[in-house]
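A.B. asks: Mind looking over this structure? Questions follow.
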Amino acid sequence: MKKPYYIDYPQEHVEGHAHTYQCVYCKVVTTTINGSIEGHLPSCEFRLKLERDGFEKNADSNSLPCSSSDEVD
């Protein structure tokens, strides 16, 4: 199975940043994940579950635009 974006992972607020969130499991910020499976760490529980369940990585996910607009408050 394949979805255009994988954004249904649990997120938590990053302390000290007004509008920055990260994956609960691997602690990678959402702007780095950018809706792709491979944006999560290879050891991330969410990523491992998706891959086990048969979800596919986006073949062109490296070409998705990455924004650092949330990096600076």
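Every number here is computed from the coordinates shown, using simple stated rules; none is lab data. Please read all numbers here as calculations on a predicted model, not as lab measurements. Because the Cβ atoms are built from the backbone with ideal geometry, glycine has one as well, and the counts that use them run over all protein chains shown.
A.B. asks: Where in segment 15-61 are there GluC sites (Glu not before Pro) that are in a DSSP coil and have at most 11 other Cβ atoms within 10 angstrom of their Cβ? Before the final figure, lay out the partial values.
C.D. replies: On the way: sites: E15, E38, E45, E51, E56; in loops: E15, E56.
For GluC sites (Glu not before Pro) across segment 15-61 that sit outside H, G, I, E and B with at most 11 neighbouring Cβ atoms in 10 Å, the list reads E15, E56.
A.B. asks: Let me understand segment 11-57 better: what is its radius of gyration from the alpha carbons, and its Dmax, in angstrom?
C.D. replies: Rg and Dmax of segment 11-57, Cα atoms, are 11.1, 36 Å.
A.B. asks: Ok, one more. Under a point spin-label approximation (7 Å from Cα along Cα-to-Cβ), what is the H13-D53 distance to one decimal in nm?
C.D. replies: Rounded to a tenth, the inter-label distance reads 2.7 nm.
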